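> Below is one structure. I have some questions about it.
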Amino acid sequence: MCAMARPRKPLLSPDRIVETARDLVDREGLAAVSTRRLAAELGVSGPSLYNHFGTKDEILEAVADSVSALVDLSMFEDGRDWRTALHDWAVSYRAALRDHPNIVPVLAHGPGRRPAALRLADAVYGAMVDAGWPPAQATSIGALMRYFIMGSALGSFARGFVDDASAYDPADYPHLGQAHLLAEQQEKIDERAFETGLTALLDGLAQQYEQVRQGA
């Protein structure tokens with residue numbers, strides 16, 4: 001009778017390391033990530049990670065880039081006008097960050113050498129220049145959008161209020177009588193705030209665009 005073969009462990013690969021590290025960051029935050037902890041999660045020895053990544057920071061950079069890769073860029077290639085493309089891209093970008101908020105501080109450092117992040121920056125800049133924005137303003141638009149989207153992902157306005165009505169004494173805060181109800185409407189409030197800000201931002205850019213076109 002033949003002995004049954006033992007199930008083989010999945011081979012260690014950069015993708016598997018990044019996926020495991022991203023899950024760990026999502027669950028416990030950046031502080032939880034160490035090569036020792038990752039090795040334990042993967043069921044391997046610590047030194048084996050160095051065959052793929054030289055440092056923990058390199059792993060976190062790869063995790064950040066894996067999140068950038070989730071952002072849809074098709075709107076810059078399928079004929080949508082610049083304003084619609086920016087709107088749809090911002091919504092996709094924010095959705096990726098909303099699903100992986102703990103990695104935002106790493107993403108906020110800038111694209112560096114990360115391939116997906118550089119493709120993202122290239123797509124936005126290229127689409128704005130192709131639409132007629134001067135290169136300097138196209139760069140500013142990319143930066144502006146990044147500030148806005150990253151900021152929206154760093155925290156929840158609604159979550160910042162506690163669901164205890166006694167915390168908002170009308171004698172002290174006459175306009176916050178309903179503030180204790182914000183937390184239970186967190187997602188709706190944050191989504192509405194993002195759309196309000198995005199629309200206002202794009203309206204302002206549209207006015208500038210008209211001035212650019214008139215001066216062309």
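> Please determine whether any residue of segment 127-140 is among the small types (Gly, Ala, Ser) and modelled with pLDDT under 95. If you could, list the steps in order and put the result at the bottom.
Keep residues of segment 127-140 that are among the small types (Gly, Ala, Ser), which gives 127, 131-132, 136, 138, 140.
The next check asks that each one be modelled with pLDDT under 95; those that pass are none.
Checked against the condition, which is being among the small types (Gly, Ala, Ser) and modelled with pLDDT under 95, segment 127-140 yields no hits at all.
> State whether the residues of segment 132-152 include one that is in contact (Cβ under 8 Å) with a residue 12 or more places away in the chain, of a type in the set (Gly, Ala, Ser), surrounded by fewer than 18 Cβ atoms within 10 Å (Cβ to Cβ) and part of a loop (DSSP other than H, G, I, E, B).
Going residue by residue through segment 132-152, those that are in contact (Cβ under 8 Å) with a residue 12 or more places away in the chain are 132-134, 137-139, 141-142, 144-145, 148-150, 152.
From what is left, the residues that are of a type in the set (Gly, Ala, Ser) are 132, 138, 142, 152.
Keeping just the survivors that are surrounded by fewer than 18 Cβ atoms within 10 Å (Cβ to Cβ) gives 132.
Still in the list and also part of a loop (DSSP other than H, G, I, E, B): 132.
Yes, segment 132-152 contains a residue that is in contact (Cβ under 8 Å) with a residue 12 or more places away in the chain, of a type in the set (Gly, Ala, Ser), surrounded by fewer than 18 Cβ atoms within 10 Å (Cβ to Cβ) and part of a loop (DSSP other than H, G, I, E, B).
> Considering each of Val44, Val25 in turn, give the residue that is within 16 Å of Ala153 (Cα to Cα) and of a type in the set (Val, Ile, Thr). Talk me through it step by step, then tell me what you get.
Numbers: Val44 fails: within 16 Å of Ala153 (Cα to Cα).
Of the residues listed, the single one that is within 16 Å of Ala153 (Cα to Cα) and of a type in the set (Val, Ile, Thr) is Val25.
> So in segment 31-80, with the set limited to residues that are open to solvent by 50 Å² or more (accessible area, probe 1.4 Å) and among the aliphatic types (A, V, I, L, M), which one is farthest from Ala117 (Cα to Cα)?
Step by step, filter segment 31-80, then rank; the result is Ala40.
> Let me ask another. Across segment 93-111, what is the number of residues that are in a loop (DSSP other than H, G, I, E, B) and surrounded by fewer than 18 Cβ atoms within 10 Å (Cβ to Cβ)?
Within segment 93-111, the subset in a loop (DSSP other than H, G, I, E, B) is 100, 108-111.
Going one step further and asking which of them are surrounded by fewer than 18 Cβ atoms within 10 Å (Cβ to Cβ), we end up with 108-110.
So the answer is 3.
> Could you list all residues from segment 112-131 that are part of a loop (DSSP other than H, G, I, E, B) and either in contact with a strand residue (DSSP E or B) (Cβ under 9 Å, 6 or more places away or on another chain) or open to solvent by 50 Å² or more (accessible area, probe 1.4 Å) (or both)? Before you say what the answer is, go through the steps one by one.
Within segment 112-131, the first condition is being part of a loop (DSSP other than H, G, I, E, B), and the residues that meet it are 112-114, 131.
Those that are part of a loop (DSSP other than H, G, I, E, B) and either in contact with a strand residue (DSSP E or B) (Cβ under 9 Å, 6 or more places away or on another chain) or open to solvent by 50 Å² or more (accessible area, probe 1.4 Å) (or both): Gly112, Arg113.
> Can you report the number of residues in segment 86-120 which are within 16 Å of Gly197 (Cα to Cα) and hydrophobic (A, V, I, L, M, F, W, C)?
So the first thing to find is which residues in segment 86-120 are within 16 Å of Gly197 (Cα to Cα), and the list is 86-95.
In the following step, the residues that additionally are hydrophobic (A, V, I, L, M, F, W, C) were identified as 86, 89-91, 95.
Here the count works out to 5.
> In addition: Can Asp23 be described as assigned to a helix (DSSP H, G or I), buried (at least 20 other Cβ atoms within 10 Å of the Cβ) and among the acidic types (Asp, Glu)?
Spelling it out, it is not the case that Asp23 is assigned to a helix (DSSP H, G or I), buried (at least 20 other Cβ atoms within 10 Å of the Cβ) and among the acidic types (Asp, Glu).
> Condition first: surrounded by fewer than 12 Cβ atoms within 10 Å (Cβ to Cβ), of a type outside the set (Asp, Glu) and not in a helix (DSSP H, G or I). Now tell me which residues in segment 156-192 satisfy that.
Pro170, Ala171, Tyr173, Pro174, His175, Gln178
> Could you grab me the full set of residues in segment 193-216 that are surrounded by 13 or more Cβ atoms within 10 Å (Cβ to Cβ) and farther than 19 Å from Ala153 by Cα? Break it down stepwise before answering.
Narrowing segment 193-216 to residues surrounded by 13 or more Cβ atoms within 10 Å (Cβ to Cβ): 193-195, 197-198, 201-202, 205, 208-209, 212.
If the condition is that a residue be surrounded by 13 or more Cβ atoms within 10 Å (Cβ to Cβ) and farther than 19 Å from Ala153 by Cα, then Leu205, Gln208, Tyr209, Val212 are the ones that fit.
The values are calculated or read from the model by the stated rules, or taken from the named source; none is laboratory data. This is a predicted model, so every value here is computed, not measured. Reconstructed Cβ throughout: ideal geometry from the backbone, glycine too, with neighbour counts over all protein chains shown. Please note that ligands, DNA and RNA were not included when accessible areas were found on the heavy atoms of the full protein model with its side chains. Shrake-Rupley method; radii C 1.70, N 1.55, O 1.52, S 1.80 Å.
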